[in-house]
Amino acid sequence: MSARADRVRIKGGPGYRLVRGLVRIILCVGWRLRVTGLEHLPDPPYILAANHSSEVDPLILGVSVPDHVVFLVSRHLEQLPIVFRLIRAFDPVFVRRGLADVASVRATLGRLAQGEVVAIYPEGKVVQDSSLGPLHEGLAFIAIRAAVPIVPVAIFGALQMFPLGARWPRSSHLTVKIGPPLIPRAGESARSLTARLRDSLLGLLADVPRRAQSV
C-alpha cells in the first residue's frame, strides 16, 4: 500500500474495529488483498463508487480504505446471515429499492453532511455477466446535492471469490484500485457526471492486474 495508508481515522466502537480488523486479516492472508491508489483519497466527506461483482464487495471495500465507510445495503442480504451480520457492524444505511428509496437518499445526504464516507454501487445490483453494467444516476444526484467528490474504485477477484449462488468462498486474489476523484462541476447534470464516472470505472477495470489474470 502507499503512504496514504497511514491515515487511519477509523470511527466506530470496539465491535466495529474488531470486525474490521479480523476481516482485513482474513482477506489479506486468505485472498492476498492488495490496495493501490490510496493517495487519490480526498479528505471526507466523499462517495466511493465501485463496481459490484459479488455480495462480498462491501467487506472488501470497507477494509481497503483508511476511513470509516457507510454502505447502502439492500435488505435482501438478510438471506446471507453471516455476511449480513458482518455488514451490520459497519453501520450501513439500509435501503428497500436502491436509490429510489427517498428515506435512504435523505439518510445518505445526512451521513455526508456529518463528514462521513459513503459507498454506493452505481450499478445498483450485483453484475457478473460483464465488467460493468449500466449505471444509475442516483449516485451522481447525491454527489451534486451534497457537493462532495466521487472516488471511482475497481474491485478485482471478488467474482471468483464469491460468485452468486456460492455457499463458500473460493480461491482468488483480491485487488482494489482507487482512481482520482471526480469533482462535480458547477451546473453539471447527473447524467453528465454519471458518464464521467462510467469512463473512470471502465478505465480502471480495463487495467486488469496480472495476478488476477493468472487465477
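The values are calculated or read from the model by the stated rules, or taken from the named source; none is laboratory data. Values in this document were obtained by computation on a predicted structure and should not be read as measured data. In this analysis, Cβ positions are derived from the backbone assuming ideal geometry, glycine residues included, and neighbour counts consider all displayed protein chains. With ligands, DNA and RNA removed, areas are computed over all heavy atoms of the protein, side chains included. Shrake-Rupley method; radii C 1.70, N 1.55, O 1.52, S 1.80 Å.
Within the stretch 173-188, residues that are crowded, with 19+ Cβ neighbours inside 10 Å sit with their Cβ atoms under 9 Å from residues that are among the acidic types (Asp, Glu) and not in a strand (DSSP E or B), at 6+ positions apart or across chains, in these pairs: 177/207; 178/39. Among the residues of the stretch 26-33, are any among the hydrophobic types (A, V, I, L, M, F, W, C), in contact with a His (Cβ under 8 Å, 6 or more places away or on another chain), over 15 Å from residue 119 (Cβ atoms) and modelled with pLDDT of 95 or more? There is at least one residue in the stretch 26-33 that is among the hydrophobic types (A, V, I, L, M, F, W, C), in contact with a His (Cβ under 8 Å, 6 or more places away or on another chain), over 15 Å from residue 119 (Cβ atoms) and modelled with pLDDT of 95 or more. Scanning the stretch 76-95 turns up at least one residue that is modelled with pLDDT under 95, over 29 Å from residue 180 (Cβ atoms) and in a strand (DSSP E or B).
Would you please name the residue that is nearest to residue 122 (Cα to Cα), looking only at residues in the stretch 38-51 that are in contact (Cβ under 8 Å) with a residue 40 or more places away in the chain and assigned to a loop (DSSP other than H, G, I, E, B)?
If we filter the stretch 38-51 for residues that are in contact (Cβ under 8 Å) with a residue 40 or more places away in the chain, which is where we start, we get 38, 40-42, 44-51.
From the residues that got through so far, the ones that are assigned to a loop (DSSP other than H, G, I, E, B) too are 41-42, 44-45, 51.
Working: 41: 18, 42: 20, 44: 19, 45: 18, 51: 7 Å.
Only one residue fits best here, namely 51.
Kindly evaluate residue 54 against the criterion of being open to solvent by less than 10 Å² (accessible area, probe 1.4 Å) and in a loop (DSSP other than H, G, I, E, B). Against the criterion (open to solvent by less than 10 Å² (accessible area, probe 1.4 Å) and in a loop (DSSP other than H, G, I, E, B)), residue 54 qualifies. When the stretch 57-70 is limited to residues that are part of a loop (DSSP other than H, G, I, E, B) and touching a residue at least 60 places away in the same chain (Cβ under 8 Å), the one that is surrounded by the fewest Cβ atoms within 10 Å (Cβ to Cβ) turns out to be 66.
Among the residues of the stretch 198-205, is any more than 28 Å from residue 83 (Cβ to Cβ) and modelled with pLDDT of 95 or more?
Start the filter on the stretch 198-205 by keeping residues that are more than 28 Å from residue 83 (Cβ to Cβ), which leaves 199, 203.
So of that shortlist, the ones also modelled with pLDDT of 95 or more come out as 199, 203.
Checked against the condition, which is being more than 28 Å from residue 83 (Cβ to Cβ) and modelled with pLDDT of 95 or more, the stretch 198-205 yields at least one hit.
Here residue 134 passes the criteria (1) open to solvent by 20 Å² or more (accessible area, probe 1.4 Å); (2) part of a loop (DSSP other than H, G, I, E, B); (3) at pLDDT 95 or above; (4) more than 20 Å from residue 73 (Cα to Cα) except the one numbered (4). So residue 122 fits all but one of (1) buried (at least 23 other Cβ atoms within 10 Å of the Cβ); (2) not in a loop (DSSP other than H, G, I, E, B); what number is the exception? Going through the list (1) buried (at least 23 other Cβ atoms within 10 Å of the Cβ); (2) not in a loop (DSSP other than H, G, I, E, B), residue 122 breaks only (2).
Pairs meeting the criteria (first residue in the stretch 101-128 and closer than 21 Å to residue 198 by Cα, second residue hydroxyl-bearing (Ser, Thr, Tyr) and open to solvent by 10 Å² or more (accessible area, probe 1.4 Å), beta carbons under 7 Å, at least 6 apart or on different chains) are 126/53; 127/53; 128/53. Per the listing 74, 53, the residue uniquely hydroxyl-bearing (Ser, Thr, Tyr) and more than 22 Å from residue 175 (Cβ to Cβ) is 74.
Given the criteria over 23 Å from residue 114 (Cβ atoms), open to solvent by less than 10 Å² (accessible area, probe 1.4 Å) and of a type outside the set (Lys, Arg), does residue 151 qualify?
Working: over 23 Å from residue 114 (Cβ atoms): no; open to solvent by less than 10 Å² (accessible area, probe 1.4 Å): yes; of a type outside the set (Lys, Arg): yes.
Taking the combined requirement at face value, the residue does not satisfy it.
Identify, please: which residue in the stretch 189-207 is surrounded by fewer than 16 Cβ atoms within 10 Å (Cβ to Cβ) and of a type in the set (S, T, N, Q) and is, among those, nearest to residue 154 (Cα to Cα)? Walk me through it before giving the result.
To start, the set of residues in the stretch 189-207 that are surrounded by fewer than 16 Cβ atoms within 10 Å (Cβ to Cβ) comprises 189, 191-192, 195, 199, 202-203, 206-207.
From what is left, the residues that are of a type in the set (S, T, N, Q) are 189, 192.
Working: 189: 24, 192: 20 Å.
Filtering the stretch 189-207 for residues that are surrounded by fewer than 16 Cβ atoms within 10 Å (Cβ to Cβ) and of a type in the set (S, T, N, Q), the one nearest to residue 154 (Cα to Cα) comes out as 192.
For residue 106, state whether it is at pLDDT 75 or above, under 27 Å from residue 29 (Cα atoms) and either open to solvent by 40 Å² or more (accessible area, probe 1.4 Å) or assigned to a helix (DSSP H, G or I) (or both). Break it down stepwise before answering.
Numbers: at pLDDT 75 or above: yes; under 27 Å from residue 29 (Cα atoms): no; either open to solvent by 40 Å² or more (accessible area, probe 1.4 Å) or assigned to a helix (DSSP H, G or I) (or both): yes.
So residue 106 does not fit the description; no.
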